[in-house]
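J.: Take a look at the following structure, please.
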Amino acid sequence: MELCNQPAIKTMITGGTLAWAWTFALVGTTTLNSIREVFFDTVFLSVTGFDLVRGITTLETEEAAIA
């Protein structure tokens, strides 16, 4: 929402399904297909936790597939 008012920044949204009410996480087959086709310069990725051995963690299975 903040980036939409920045003309110098090109913002791409992957599409998909909102994970739950009041979230900005997009998940599902549409999202997976979208990110397979694009190379990103910058990605904003939110996770629940990070472990040096296990890597990133999240509570939601569909979000884990995207991450």
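The values are calculated or read from the model by the stated rules, or taken from the named source; none is laboratory data. Please read these numbers as outputs of a predicted model, since none were measured by experiment. Every residue, glycine among them, receives a Cβ derived from its backbone with ideal geometry; neighbour counts consider all protein chains shown. With ligands, DNA and RNA removed, areas are computed over all heavy atoms of the protein, side chains included. Shrake-Rupley method; radii C 1.70, N 1.55, O 1.52, S 1.80 Å.
J.: Would you point out the residue of the stretch 40-67, among those that are of a type in the set (Asp, Glu) and closer than 21 Å to residue 1 by Cβ, that is most open to solvent (accessible area, probe 1.4 Å)?
T.: 41
J.: Hey, could you check the stretch 21-39 for residues that are touching a residue at least 24 places away in the same chain (Cβ under 8 Å) and part of a loop (DSSP other than H, G, I, E, B) and say which is most open to solvent (accessible area, probe 1.4 Å)?
T.: Per the stated criteria, the residue is 38.
J.: Taking the stretch 1-20 as the search range and keeping residues that are polar (S, T, N, Q) and in a loop (DSSP other than H, G, I, E, B), which one is surrounded by the most Cβ atoms within 10 Å (Cβ to Cβ)?
T.: Checked the stretch 1-20; the qualifying residue surrounded by the most Cβ atoms within 10 Å (Cβ to Cβ) is 14.
J.: Let me ask something additional. Considering every residue within the stretch 50-64, establish whether at least one is in a loop (DSSP other than H, G, I, E, B), in contact (Cβ under 8 Å) with a residue 24 or more places away in the chain and among the hydrophobic types (A, V, I, L, M, F, W, C).
T.: no
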